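Enquirer: Here it is: the structure, laid out below.
The values are calculated or read from the model by the stated rules, or taken from the named source; none is laboratory data. This is a predicted model, so every value here is computed, not measured. Quick reminder, even Gly has a Cβ in these numbers, built from the backbone with ideal geometry, and neighbours come from all protein chains shown.
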């Protein structure tokens, strides 16, 4: 099974089994890691904000304008910031590494 | 600000879709309702987070926009004359002589045999700057809302954010301010294009500044801001100002009801599945805020929970009356209540 690696806010890395077709947010949430995802994945908040490892960031499809607008409500947005509900797990993303952004 | 006590059958905390539909079910059984919401509008998440996004799982409505669902519910409950108390948060709940007394942040006071918590993921509150030093400035030189526009006259203001609140206040305060700047992480804005055009015109005329970047620190003493540190694409700068207005949207939090003595589990309120009653008699919880084995956070589940809740709520409101189960299709009594008789 495909895997993703998630670094939590304490710096601990978790290896998670990744169901293809699920969003990264869903994989992280179902694994019980602390991701708020208040709107449930409809790109209407910014509480599933993650930082994607640069090498993986470049391989992701470009974010839609809607995602950029919601990122405006996040804090400490970096060049590698994404909303994890908008990244769909595919075989190509097997091994992707992300870090949970600070909560606020 | 103590006001007269409002006596009613049911006080509903939260005017989202589930709270609104509870008015309908309560109304059919002859109970009248007052609703409280911290937002300044009804509809909860449907209206605030996704008004123009489609919902496909409302029975018999193949597709419905978030705001449309709210509008339709408002139409459906109109016969029952619900009273709304918006822009205030349910703050305190006390037991007084066998009834519940609830007080809001605006000082509105209610007394009722039944309180229904339909608060979704909690109340919407402004998202605060997650900087450790921010709390020391809050209320004196850092604000997340504007109460009195005049209080900002002659100040040197920095407004943060790219949405309508940020742009609207930027434009409203610009004529009063000694100087004013807007900071936003991109040179694109969610706000209405008209407001953005007005902001750009002010910047072009040199009457205001726009800084592209993100706030990374606050500097000042004794709660008085002196400068804000901003990371811009070309490096870190210090922007001198004495007032920061930050508009980073709203977030949801449980708020004061976490201290009402309710039995909680993972930030949700535990209820039984017969009446959706909490551990406090006469206090019910329905919709996303409640939890029980098998709970699904669906609007339709919240509707169901509201209907069952009303059966037990009726007993608290009318202990001497017998409740007879009737259908809206055939009951002339219900037709009268619905105003269709």
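Enquirer: Within region B:1-115, considering only strands (runs of 3 or more DSSP E) that don't extend past its boundaries, which have at least 1 residues that are surrounded by 16 or more Cβ atoms within 10 Å (Cβ to Cβ)? Explain how you work it out, then say what you get.
Expert: Numbers: elements: B:5-7, B:10-13, B:33-37, B:83-86, B:90-96, B:99-104, B:109-112.
In region B:1-115, the matching strands (runs of 3 or more DSSP E) lie at B:10-13, B:33-37, B:83-86, B:90-96, B:99-104, B:109-112.
Condition check ((1) at pLDDT below 95; (2) more than 21 Å from the chain's Cα centre (by Cα)) across all residues:
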| residue | (1), (2) |
| --- | --- |
| B:94 | no, yes |
| B:100 | no, yes |
| B:110 | no, no |
| B:119 | no, no |
| B:123 | yes, no |
| B:136 | no, yes |
| B:153 | no, yes |
| B:170 | no, yes |
| B:175 | no, yes |
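Enquirer: Go over the candidates B:66, B:19, B:27, B:43 one by one and state the one that is at pLDDT 95 or above, on the phi > 0 side of the Ramachandran plot and in the same structural domain as residue B:108 (by TED's automatic domain parsing). Full working, then the answer.
Expert: On the way: B:66 fails: on the phi > 0 side of the Ramachandran plot; B:19 fails: on the phi > 0 side of the Ramachandran plot; B:27 fails: on the phi > 0 side of the Ramachandran plot.
The match here is B:43.
Enquirer: Looking at (1) touching a helix residue (DSSP H, G or I) at 6+ places or on another chain (Cβ under 6 Å); (2) over 30 Å from residue B:96 (Cβ atoms), which is the only condition residue B:298 fails?
Expert: (1)
Enquirer: Mind checking which residues of region B:116-138 are over 25 Å from residue B:264 (Cβ atoms), assigned to a loop (DSSP other than H, G, I, E, B) and touching a residue at least 24 places away in the same chain (Cβ under 8 Å)?
Expert: Of the residues in region B:116-138, the ones over 25 Å from residue B:264 (Cβ atoms) are B:129, B:131-138.
Now drop any that are not assigned to a loop (DSSP other than H, G, I, E, B), which leaves B:129, B:131-133.
If the condition is that a residue be over 25 Å from residue B:264 (Cβ atoms), assigned to a loop (DSSP other than H, G, I, E, B) and touching a residue at least 24 places away in the same chain (Cβ under 8 Å), then B:129, B:131, B:133 are the ones that fit.
Enquirer: When you scan region B:197-307 for strands (runs of 3 or more DSSP E) that lie fully inside it, which ones turn up with 3 or more residues that are within 20 Å of the chain's Cα centre (by Cα) and within 14 Å of chain A (Cβ to nearest Cβ)? First the steps, then the outcome.
Expert: Numbers: elements: B:209-212, B:214-221, B:224-232, B:235-240, B:243-246, B:250-253, B:268-270, B:283-285.
Filter on region B:197-307 gives B:250-253.
Enquirer: If you don't mind, there's one more thing I want to ask. Mind listing just one residue for me: the one in region B:178-190 that is more than 10 Å from every other protein chain (Cβ to nearest Cβ) and closer than 16 Å to residue B:246 by Cβ and, of those, surrounded by the fewest Cβ atoms within 10 Å (Cβ to Cβ)? Full working, then the answer.
Expert: Here is the first cut: in region B:178-190, the residues more than 10 Å from every other protein chain (Cβ to nearest Cβ) are B:178-183, B:187.
Adding the requirement that they be closer than 16 Å to residue B:246 by Cβ leaves B:180-183.
Values: B:180: 25, B:181: 21, B:182: 26, B:183: 24.
It comes out as B:181.
Enquirer: If you check B:205, B:200, B:209, B:185, which single one turns out to be under 20 Å from residue B:130 (Cβ atoms) and without any contact (Cβ under 8 Å) to a residue 40 or more places away in the chain? Break it down stepwise before answering.
Expert: Numbers: B:205 fails: under 20 Å from residue B:130 (Cβ atoms); B:200 fails: under 20 Å from residue B:130 (Cβ atoms); B:209 fails: under 20 Å from residue B:130 (Cβ atoms).
Unique residue meeting the criteria: B:185.
Enquirer: Taking region B:144-179 only, how many residues are part of a loop (DSSP other than H, G, I, E, B), under 19 Å from residue B:205 (Cβ atoms) and out of contact with any helix residue (DSSP H, G or I) (no Cβ under 7 Å at 6 or more places or on another chain)? Break it down stepwise before answering.
Expert: From region B:144-179, those part of a loop (DSSP other than H, G, I, E, B) are B:144-148, B:153-155, B:161-163, B:174-178; that's our starting set.
Still in the list and also under 19 Å from residue B:205 (Cβ atoms): B:174-178.
If we keep only those that are out of contact with any helix residue (DSSP H, G or I) (no Cβ under 7 Å at 6 or more places or on another chain) as well, we get B:175, B:178.
Residues in region B:144-179 being part of a loop (DSSP other than H, G, I, E, B), under 19 Å from residue B:205 (Cβ atoms) and out of contact with any helix residue (DSSP H, G or I) (no Cβ under 7 Å at 6 or more places or on another chain): 2 in total.
Enquirer: List the helices (runs of 4 or more DSSP H) that sit entirely inside region A:24-79 and contain at least 2 residues that are more than 10 Å from chain B (Cβ to nearest Cβ) and either crowded, with 19+ Cβ neighbours inside 10 Å or in contact (Cβ under 8 Å) with a residue 24 or more places away in the chain (or both).
Expert: Details: elements: A:24-30, A:54-57, A:65-71.
Once the helices (runs of 4 or more DSSP H) in region A:24-79 are filtered for at least 2 residues that are more than 10 Å from chain B (Cβ to nearest Cβ) and either crowded, with 19+ Cβ neighbours inside 10 Å or in contact (Cβ under 8 Å) with a residue 24 or more places away in the chain (or both), what remains is A:24-30, A:54-57.
Enquirer: Let me ask something else. Restricting attention to region A:81-104, and to residues there that are outside any helix (DSSP H, G or I) and within 14 Å of chain B (Cβ to nearest Cβ), which single residue is surrounded by the fewest Cβ atoms within 10 Å (Cβ to Cβ)?
Expert: Here is the first cut: in region A:81-104, the ones outside any helix (DSSP H, G or I) are A:81-83, A:87-90, A:94-104.
Subsequent filtering for residues that are within 14 Å of chain B (Cβ to nearest Cβ) retains A:81, A:83, A:100-104.
On the way: A:81: 20, A:83: 28, A:100: 21, A:101: 24, A:102: 11, A:103: 13, A:104: 17.
Among those that are outside any helix (DSSP H, G or I) and within 14 Å of chain B (Cβ to nearest Cβ), it is A:102.
Enquirer: Would you mind stating whether residue A:21 is surrounded by fewer than 17 Cβ atoms within 10 Å (Cβ to Cβ) and assigned to a loop (DSSP other than H, G, I, E, B)? Steps first, please.
Expert: On the way: surrounded by fewer than 17 Cβ atoms within 10 Å (Cβ to Cβ): yes; assigned to a loop (DSSP other than H, G, I, E, B): yes.
Considered against the rule, which asks whether it is surrounded by fewer than 17 Cβ atoms within 10 Å (Cβ to Cβ) and assigned to a loop (DSSP other than H, G, I, E, B), residue A:21 comes out as yes.
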